[in-house]
Every structure is written in structure tokens, then in C-alpha cells.
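Presented below is the structure to which this report refers.
The values are calculated or read from the model by the stated rules, or taken from the named source; none is laboratory data. Keep in mind that what you see is a predicted model, and the values were worked out from it rather than measured. We place every Cβ from the backbone using ideal geometry, glycine too, and count neighbours over all the protein chains shown.
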Amino acid sequence: MSKSTDVCPVSVALYFLPVETRVPLKFGAETLTHITCARVSMRVQDGVGRSANGWGETPLSVQWVWPSSLAYEERHEALKSFSMLLAKAYADLDVLGHPIEVGHAFLSGVLPGLLEGFNAGRRGEAMPWLAALVCASAFDIALHDAYGVLHETPVYGIYGNEYMTADLAQFLTPADGAAWTFRGRFPADYLNLPGAVSLPAWHLVGGKDWIEPSENDGSVPEDGYPVLLRDWIRRDGLTCLKVKLRGNDAGWDYERLVQVGTIGAAEGVLWLSSDFNCMVTDPAYVNEILDRLMREHPHIYGSLLYVEQPFPYDLEAHAIPVHSVSARKPLFMDESAHDWPMVRLGRQLGWTGVALKTCKTQTGALLSLCWAKAHGMTLMVQDLTNPMLAQIPHVLLAAHAGTIMGVETNAMQFYPEASGPEAVVHPGLYRRRGGCVDLGSISGAGFGYGLEGIARRLPEVVVGY
């Protein structure tokens, strides 16, 4: 069964946009100083020959998707090579349907085999599934955008039964023992419609960020942007701070939370979150930090809204019961939340929330959102330091998801100049004002990029099919 609104990808073009950071960003044991953004143009066509073009973009964040002792450049080149394989695979995809149907068919039926074949042709360490998802996400986002453009509808207007043939029961299975079903339910039933126009913005306090003037080692960039935490809070009116921790140095982690929490409280910050970046292997490590914080700094403990991904992201290999942590604070899956079956496993282990990311594909993020909401889990939308076009689907997901508090957005901290052309059209998305980002400039079909007003000169096409 199909609908006249169904589409199929017919052509794809891939671009690589290099971006340099103004200050380093620490990911677990590694540090990010530059990144490549994959930008995709995809044309789709319906059954009667009408066609439209869509765009998607994702940072290929090597350190986040593939933590390893392998050299950075080896992993970086692998992600770019895999993205080039994906361009042909999406162009050759012979599936007609709604973007969620087409996207799901690719993610479940094509991507696993592509990754297996890619890894079979490599020597040494295999590229992980999370890296494959991030490479695929720019294509998937472009698919959703093209569909909305073709039907002259904003993306978040296409997720109901007016456009979809398959209901959520075709993609999702409730938890064991559930007395209800996904039959007759569509993603629109779990979205906040209309979406928020303004969102509280979470600022990332990185492991290498300068907190006090005494930490200035002479490498502070003199580019007109803030460097110290207090200056960021005052300039942007910030009320939410996400604190990157080490996860293998309890003393440092505790002192960092106290230091940031103390400064934040003095400057009017309302909320903190902590990100241990998958480095913890024993819940007792987190519990002891939280319990000490509650005893010695109850105000800071009270402002800690949630704890993010302390434990290794491969839940199947590291099936750690985490109920003791989530009994203290909401505990959010991030790297672990590849898809809804992993969210289901996380819930069984004691995780209570899900941090969604468009870099794991728009299709996958929406299906995980629906499964999590249906089972009473709390949502957040986390950043992959999204610049340029990547910022727009990211904030739109947060605006329609119903998050615990706003959206994390930090590209303006680490490479603000990268988004200059986009900021002309969307000034409220690339600078935080009054502690918020403003989505009011997003309008029109698809993701509402406003490309006609963005004077972005793209590099040469890497591959096109």
C-alpha cells in the first residue's frame, strides 16, 4: 500500500566543509581542534515524476563517534570514505515511501551490510555503528527536507497519517508486558505541535575551558568572543550549564562541579548537568560524587537537573545496572541511544531519559523519541557542536520534542565564525540572547533553511550520483 505523496531518492551530491575551532574541545580522552562537516544535497521524486531537492548536514565528529587509540587522521579518512559509499547507496535506493519509511528501510536493511563490507576491507580496528549513523545522518536529514519541500510543508507537518502509510507499529515494539500498542499511532502523536519558538540554551563547559583568569596560559584567542565562563554567562544571559567531566578522576570531577556551580549560582545560572563522556565503569563512582555534593553543597546538588552518559556507550557489551544512579538524579542515555531497541535496553538497566541527536539520523531520532515518550522517559536534545545548516534540524527537534529543558547549543563557543553566512538569515540561532536561542526566522517548507538568503560558497562536490 502506498500514497501519492511517497518519494524515492534519485540523485545525491556530497560536499566536505572543513571547520577549525577557536578553542579546543575535549571529548573523553581526546581533544577536538578541527572538524569536517558533511553536507548533502538529495533530489527525490514521487510516483508521477515531480521532484524536489533537499539538504542535510552533520559534523563528522571523529572523537565522539569513534573513541580509539588509532590516529585521528586514519579515523577521519575512514568516515569520509564511508560517507562517499553512502552517497551512491542512497542514490541507488529503490524504495518508494515516506521519509521515515525510506529512512528506516535504509538504516535497517542497507546500512548494516555497508558497514560490514566497509570494515571487512579495512585492516585493524572496525569503524563502530555510531560512526556509521553519523555519516548517514546528513543523507537522512536531506531526505526529510526534500520531502517537505516537494509537498510545500514544514518538516514537522509531515509526520501524521495524512502523509504516512505505515503507523508506528510497523517500526516499534512496546516493552514486554505493555498493555497497549503503537497501532494507529504516528510520530505526530508524540510531538509538541506547534513547536516552541524560543528555547533555553545550554552552554558547554568543556574540560579545557578557562574558568578563572589565572588559568590563562597565553593561548587565549583575541577575537572578540568571551573566553572565561563568567563572561559567557553575562554576555549571553545563560541560565543552563553543561559540565564536561573526566569520568576517571573523581577528585577533579567533584571540584569541577563545585567550581562551575559556585560561579553559576553567583551569576544567576539556574541549572547544571554533568557529562562523564562514557568513561565510568562503576555506578559507585557517580553515586559518591552526587552524595558528597548533596552533603557539602546542597544548592549545587539541587541545581543539577540530570546526569548524562557516565557509562560505556555499548550497552550490550557493558550491561551495567544503573538504578542506583537514576534513583538520585535523572540519568540520560546519549552515545548509547543509537536507536529505539537500545533505548529499550537502557530502560531495562535503569536509565530514565534519552538525549536525542539529529546526528543519529532524523528518522532514528523520531522513532527513539516516540518509543521513549510512550514509556514515560524524559527527553533532551544534545548538540554535536552543530554549525551552519546542521544547527537548524537540531534546534527544530528540540522545539518539537518536549525536552526537560531547552536545547544544548555550543557551536557559537567553539567556531562562531563558521556560521557567518547562515547567521545573516537566522541571527537568533547562532548567538544566544537572554539565555535562549530564537527560532523565529525558520519558516517555509522542509527545514526552512532559507537557503536563498545564505551566501555560502560551497567547495567542489566530492561525489555525485
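Out of the range 302-325, which residues are within 22 Å of the chain's Cα centre (by Cα) and not in a strand (DSSP E or B)?
Gln309, Pro310, Phe311, Pro312, Tyr313, Asp314, Leu315, Glu316
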Just one of the numbered conditions (1) farther than 30 Å from Gln259 by Cβ; (2) surrounded by 16 or more Cβ atoms within 10 Å (Cβ to Cβ) is not true of Leu238; which one?
(1)
Which residues, counting only those in the range 221-259, are part of a loop (DSSP other than H, G, I, E, B) and free of Cβ contacts under 8 Å to residues at least 24 places away in the same chain?
Glu222, Gly224, Pro226, Leu228, Asp249
Can you list the strands (runs of 3 or more DSSP E) found entirely within the range 1-87 that contain at least 3 residues being under 17 Å from Cys359 (Cα atoms) and of a type in the set (A, V, I, L, M, F, W, C)?
7-27, 30-46
How many residues of the range 339-369 are more than 23 Å from Leu305 (Cα to Cα) and touching a residue at least 60 places away in the same chain (Cβ under 8 Å)? The answer is 10
Going by the conditions given, is Val354 buried (at least 24 other Cβ atoms within 10 Å of the Cβ) and closer than 18 Å to Val155 by Cβ?
no
Output the number of residues of the range 438-462 satisfying the condition of being within 24 Å of Leu79 (Cβ to Cβ) and surrounded by fewer than 16 Cβ atoms within 10 Å (Cβ to Cβ).
7
Mind checking which helices (runs of 4 or more DSSP H) fall wholly inside the range 372-465 and carry at least 2 residues that are under 19 Å from Trp55 (Cβ atoms)?
391-401, 420-425
Exception for Asp383 within (1) at pLDDT 95 or above; (2) surrounded by 24 or more Cβ atoms within 10 Å (Cβ to Cβ) falls at (1)
For Leu168, state whether it is over 23 Å from Asn53 (Cβ atoms) and more than 21 Å from the chain's Cα centre (by Cα).
yes
I'd like to verify a number: residues in the range 171-183 that are within 13 Å of Cys370 (Cα to Cα) and surrounded by 10 or more Cβ atoms within 10 Å (Cβ to Cβ), how many?
7
Do we have any residue at all in the range 25-43 that's out of contact with any strand residue (DSSP E or B) (no Cβ under 7 Å at 6 or more places or on another chain), modelled with pLDDT of 95 or more and in the same structural domain as Trp129 (by TED's automatic domain parsing)?
no
Per the filter on the range 284-313, residues of a type in the set (D, E, K, R) and either without any contact (Cβ under 8 Å) to a residue 60 or more places away in the chain or not assigned by TED's automatic domain parsing to the domain that holds Val343 (or both) are Glu288, Asp291, Arg292, Arg295, Glu296
So is Ala87 under 21 Å from Ala138 (Cα atoms), buried (at least 16 other Cβ atoms within 10 Å of the Cβ) and out of contact with any Leu (no Cβ under 8 Å at 6 or more places or on another chain) or not?
no
Can you say whether Pro310 is surrounded by 19 or more Cβ atoms within 10 Å (Cβ to Cβ), over 21 Å from Ala175 (Cβ atoms) and either of a type outside the set (D, E, K, R) or in contact with a Phe, Trp or Tyr (Cβ under 6 Å, 6 or more places away or on another chain) (or both), as far as the supplied structure shows?
yes
Between residues in the range 114-136 that are not assigned by TED's automatic domain parsing to the domain that holds Glu316 and residues that are aromatic (Phe, Trp, Tyr), which pairs lie under 6 Å by C-beta distance while being six or more apart or on different chains?
Phe118/Phe82; Pro128/Trp66; Ala131/Trp66; Cys135/Phe82
Looking only at the range 184-220, how many residues end up being in a helix (DSSP H, G or I) and surrounded by 12 or more Cβ atoms within 10 Å (Cβ to Cβ)?
5
Any idea which residue in the range 260-283 is farthest from Ala319 (Cα to Cα), counting only those that are in a helix (DSSP H, G or I) and touching a residue at least 40 places away in the same chain (Cβ under 8 Å)?
Ile263
Restrict the check to the range 139-158 and report whether at least one residue is more than 19 Å from Val110 (Cα to Cα), surrounded by fewer than 21 Cβ atoms within 10 Å (Cβ to Cβ), touching a His at 6+ places or on another chain (Cβ under 9 Å) and in contact (Cβ under 8 Å) with a residue 40 or more places away in the chain.
no
Counted residues in the range 240-270 being modelled with pLDDT under 95 and either outside the structural domain of Ile211 (by TED's automatic domain parsing) or of a type in the set (Gly, Ala, Ser) (or both) come to 1
